[in-house]
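*Asks:* A single structure is presented below for examination.
The values are calculated or read from the model by the stated rules, or taken from the named source; none is laboratory data. In this text, all values refer to a predicted model and were calculated from it rather than measured experimentally. Neighbour counts run over all protein chains shown; Cβ positions are idealised from the backbone, glycine included. Heavy atoms of the whole protein, side chains included, go into the accessibility calculation; ligands, DNA and RNA do not. Shrake-Rupley method; radii C 1.70, N 1.55, O 1.52, S 1.80 Å.
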Amino acid sequence: MIGTVSGSGVPITDVILKGFAIESNHPSGGFFGPRTCGRNFRRLLEAHPVYIDPHSSLAGAYMVNFMSYRKPHWNPDLSYAHLEPEQKRYRLIAGIGGAQHFCHDLRIGFEQGWGGILARITHYRAVNTGEEAAALYDGLEDVVRGVQDWIARHADAAVLLAGSQAQPACGTI
């Protein structure tokens, strides 16, 4: 467990997984771009331990913060110095590089599931060509496949645990 500062500038306590290291693609030691971010997130999920609480109806516990592995949070080659006077003037805490600036559409996930999202990625990969598009779709696919693996490992562990547990009498906890 470590103390760190979130992408929003808020102190948090986080867990860093032993034996897991981020793959950098930048001299700063950071990792940037959709392909490398997606690959690192997938690798983090694959390294993440399975957690099943036999007294909970929810499987899994995500106990890491991906941003704690992002040092630096923002690519130093991309300057936003032109924004700093206004940030100081209005006393803004810069959120540039913070993951909270990307909100997902849960409706799509609920309607299509992870397999449907993966099918969309495959479809649009064929429609949109070029290296930038390929990097985007590679990163998206790694995220989906990482989440699918994380879910499958938890489902497998829950089945094993369920088979080894005594069934409580109806109405008891």
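*Asks:* Looking only at residues in the range 4-32 that are touching a strand residue (DSSP E or B) at 6+ places or on another chain (Cβ under 7 Å) and assigned to a loop (DSSP other than H, G, I, E, B), which one is surrounded by the fewest Cβ atoms within 10 Å (Cβ to Cβ)?
*Replies:* 16
Here's the yes/no breakdown for (1) touching a Gly at 6+ places or on another chain (Cβ under 8 Å); (2) basic (Lys, Arg); (3) modelled with pLDDT under 90:
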| position | (1), (2), (3) |
| --- | --- |
| 59 | no, no, yes |
| 78 | no, no, no |
| 84 | no, no, no |
| 92 | no, no, yes |
| 97 | yes, no, yes |
| 103 | no, no, yes |
| 116 | no, no, no |
| 123 | no, no, no |
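*Asks:* Scan 39, 35, 107 and give me the residue that is at pLDDT 85 or above, open to solvent by 80 Å² or more (accessible area, probe 1.4 Å) and over 12 Å from the mean Cα position of the chain (by Cα).
*Replies:* Just one listed residue meets the conditions, 107.
*Asks:* Right, next: Filter the range 54-69 down to residues that are open to solvent by less than 90 Å² (accessible area, probe 1.4 Å) and of a type in the set (A, V, I, L, M) and give me whichever is nearest to residue 27 (Cα to Cα).
*Replies:* Within the range 54-69, the match that is nearest to residue 27 (Cα to Cα) is 67.
*Asks:* While we're on this one: What are the pairs with Cβ atoms under 7 angstrom where one residue, in the range 131-155, is over 25 Å from residue 61 (Cβ atoms) and the other, located anywhere, is outside any helix (DSSP H, G or I)? Sequence gap at least six, or different chains.
*Replies:* Final answer for the pair search is 135/33.
*Asks:* Oh, and also: Does residue 87 satisfy the criteria of being of a type in the set (S, T, N, Q), more than 16 Å from the chain's Cα centre (by Cα) and under 17 Å from residue 145 (Cβ atoms)?
*Replies:* no
*Asks:* Can you find even one residue in the range 131-139 that is open to solvent by less than 50 Å² (accessible area, probe 1.4 Å) and aromatic (Phe, Trp, Tyr)?
*Replies:* yes
*Asks:* Only one of these is in contact with a Cys (Cβ under 9 Å, 6 or more places away or on another chain) and among the basic types (Lys, Arg): 120, 125, 70. Name it.
*Replies:* Every option except 70 fails the conditions.
*Asks:* Taking the condition of being part of a loop (DSSP other than H, G, I, E, B), more than 19 Å from residue 21 (Cβ to Cβ) and of a type outside the set (Phe, Trp, Tyr), how many residues in the range 40-81 meet it?
*Replies:* 16
*Asks:* Might you let me know whether the range 70-83 holds any residue that is surrounded by 12 or more Cβ atoms within 10 Å (Cβ to Cβ), within 20 Å of residue 13 (Cβ to Cβ), in contact with a strand residue (DSSP E or B) (Cβ under 6 Å, 6 or more places away or on another chain) and in contact (Cβ under 8 Å) with a residue 24 or more places away in the chain?
*Replies:* Checked against the condition, which is being surrounded by 12 or more Cβ atoms within 10 Å (Cβ to Cβ), within 20 Å of residue 13 (Cβ to Cβ), in contact with a strand residue (DSSP E or B) (Cβ under 6 Å, 6 or more places away or on another chain) and in contact (Cβ under 8 Å) with a residue 24 or more places away in the chain, the range 70-83 yields no hits at all.
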